[in-house]
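Below: one structure, written as structure tokens.
The values are calculated or read from the model by the stated rules, or taken from the named source; none is laboratory data. Computed from a predicted model, the values in this text were never measured in an experiment. All Cβ positions, even for glycine, are placed from backbone atoms using ideal geometry, and neighbour counts span all protein chains on display.
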Amino acid sequence: MKKLFLISLIGLAFLTGCDKVERTLKGDDYVDQKEALKQAKETNEKYQKEIQRALKSGKDAFPQLSNKVAKDESQVILSTSMGDINIKLFPKYAPLAVENFITHAKEGYYDGLTFHRVIKDFMIQTGDPNGDGTGGQSIWKGKDDNIDSGSGFKNEVTPYLFNLRGALAMANAGPDTNGSQFFINQNPNNQAEQLKEGDYPAPIIEAYKNGGNLNLDGDYTVFGQVISGMDIVDKIAAVETSDGDKPKEDVTIKTITIKQEANLQ
């Protein structure tokens, strides 16, 4: 055992030495880029395996398909000027988005903000202090550059969450630009006709019969699901809008109440 441990140490020292030599010969940027590419490849391979598992999974593997709030899920009441929307959140799959949302909610960040973009048969969007889609920031901006270097935090995409009707998702201006804005998918039209078995898990294809925005999958972080109050979402989506899809009469968030915080232990 001692001999094996020594051999391991020698091997580690050798690898460390090789790394130093490579940095000396080719520079830090080259080595760091090489390491980043390696990590990206490993992440992609891991994700592909997750996709294959998800494709074979039953309904219970997809938390959006149940109205029950599990212990590893959070629950909030989004109170608007048109009524309450009951939502459960998925920190297991989107920990950053959920932490950001709940922290903002606790601090009253969203209180009084308008639904600044409303498109019937598509989605309703809010979370911008500027009220025009140009503002908002994450809880880490200016505090933790490792999570948000200034343009927002990373996307969290998983083969277990989709932009189904009622799905809560982060709005963004491109990959890894998540701040404070979010939207609820409202489209009630059947999307399942566009899908074929083998491309999507069978339970998700069935769920897309109730609507959603299939074209958004993979580009936006889904982190919650409406479990009651879709009638309120539909009412908001139906309001009269002006240029830029902004409601002619303000629809606002009164407050967001935390009903349950997840226990991930």
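Between a residue in the stretch 50-62 that is charged (D, E, K, R) and any residue that is surrounded by 13 or more Cβ atoms within 10 Å (Cβ to Cβ), which pairs come within a Cβ distance under 7 Å, given they are 6 or more apart or on different chains?
GLU50/PRO159; LYS59/LEU65; LYS59/PRO203
Only one residue in ILE147, ILE205 is hydrophobic (A, V, I, L, M, F, W, C) and farther than 26 Å from ASP121 by Cβ. Which one?
ILE147
Restricting attention to the stretch 74-104, report how many residues are of a type in the set (Gly, Ala, Ser) and within 11 Å of the chain's Cα centre (by Cα).
Qualifying residue count for the region: 2.
Regarding PRO203, is this residue assigned to a loop (DSSP other than H, G, I, E, B) and surrounded by fewer than 23 Cβ atoms within 10 Å (Cβ to Cβ)?
no
State whether the residues of the stretch 183-198 include one that is under 24 Å from ASP111 (Cβ atoms), part of a loop (DSSP other than H, G, I, E, B), assigned by TED's automatic domain parsing to the domain that holds SER79 and hydrophobic (A, V, I, L, M, F, W, C).
Checked the stretch 183-198: no residue is under 24 Å from ASP111 (Cβ atoms), part of a loop (DSSP other than H, G, I, E, B), assigned by TED's automatic domain parsing to the domain that holds SER79 and hydrophobic (A, V, I, L, M, F, W, C).
Output the residue which, of all residues in the stretch 206-221 that are farther than 18 Å from GLY58 by Cα and touching a residue at least 60 places away in the same chain (Cβ under 8 Å), is surrounded by the most Cβ atoms within 10 Å (Cβ to Cβ).
Going through the qualifying residues, I end up with THR221.
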